[in-house]
């Protein structure tokens with residue numbers, strides 16, 4: 001699993017490659033939470049899942065947890081570049097009710 005973070009104004013873009021599962025989620029959560037705690041003024045979170053091929057229940061929980069953290073402060077969660085198989089999982093799990101889906105980062109940034 002690889003992750004890259006970039007701040008664009010009040011948005012934190014997180015680019016993830018690999019699986020979002022029980023084995024990778026703890027490290028992801030720790031790094032993102034540390035960044036959110038350390039930097040003042042981050043309002044929105046954009047998850048770029050272009051390199052993600054698999055999401056299990058731990059991955060769904062990870063996304064819901066980041067939504068709760070961001071929305072608590074009036075922010076929004078955006079998800080970009082999801083594969084069709086993951087979109088189906090998101091639909092079944094209810095993630096699509098809490099996160100807006102965009103085709104790319106530029107579109108997500110424009111919407112916030």
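The values are calculated or read from the model by the stated rules, or taken from the named source; none is laboratory data. Keep in mind that this is a model prediction, so the values were computed, not measured. Cβ coordinates were reconstructed from backbone atoms using ideal geometry, including for glycine residues, and neighbour counts include every protein chain displayed.
Would a scan of the range 100-110 turn up a residue that is within 11 Å of residue 45 (Cβ to Cβ), in a helix (DSSP H, G or I), in contact (Cβ under 8 Å) with a residue 12 or more places away in the chain and in contact with a strand residue (DSSP E or B) (Cβ under 7 Å, 6 or more places away or on another chain)?
yes
From 41, 75, grab the single residue that is in a loop (DSSP other than H, G, I, E, B) and loosely packed, with under 14 Cβ neighbours inside 10 Å.
Selected residue: 41, the only one of 41, 75 that is in a loop (DSSP other than H, G, I, E, B) and loosely packed, with under 14 Cβ neighbours inside 10 Å.
Restricting attention to the range 1-22, which residues are closer than 12 Å to residue 54 by Cα and outside any strand (DSSP E or B)?
If the condition is that a residue be closer than 12 Å to residue 54 by Cα and outside any strand (DSSP E or B), then 1, 18, 19, 21, 22 are the ones that fit.
For the range 24-37, indicate whether the set of residues that are in a loop (DSSP other than H, G, I, E, B), modelled with pLDDT of 95 or more, over 12 Å from the mean Cα position of the chain (by Cα) and closer than 14 Å to residue 1 by Cα is non-empty.
yes
Could you tell me whether residue 82 is in a loop (DSSP other than H, G, I, E, B) and within 12 Å of the chain's Cα centre (by Cα)?
Considered against the rule, which asks whether it is in a loop (DSSP other than H, G, I, E, B) and within 12 Å of the chain's Cα centre (by Cα), residue 82 comes out as yes.
Sort out which residues of the range 44-72 are part of a strand (DSSP E or B) and buried (at least 21 other Cβ atoms within 10 Å of the Cβ), and write them in order of number.
44, 45, 46, 47, 48, 49, 55, listed by residue number.
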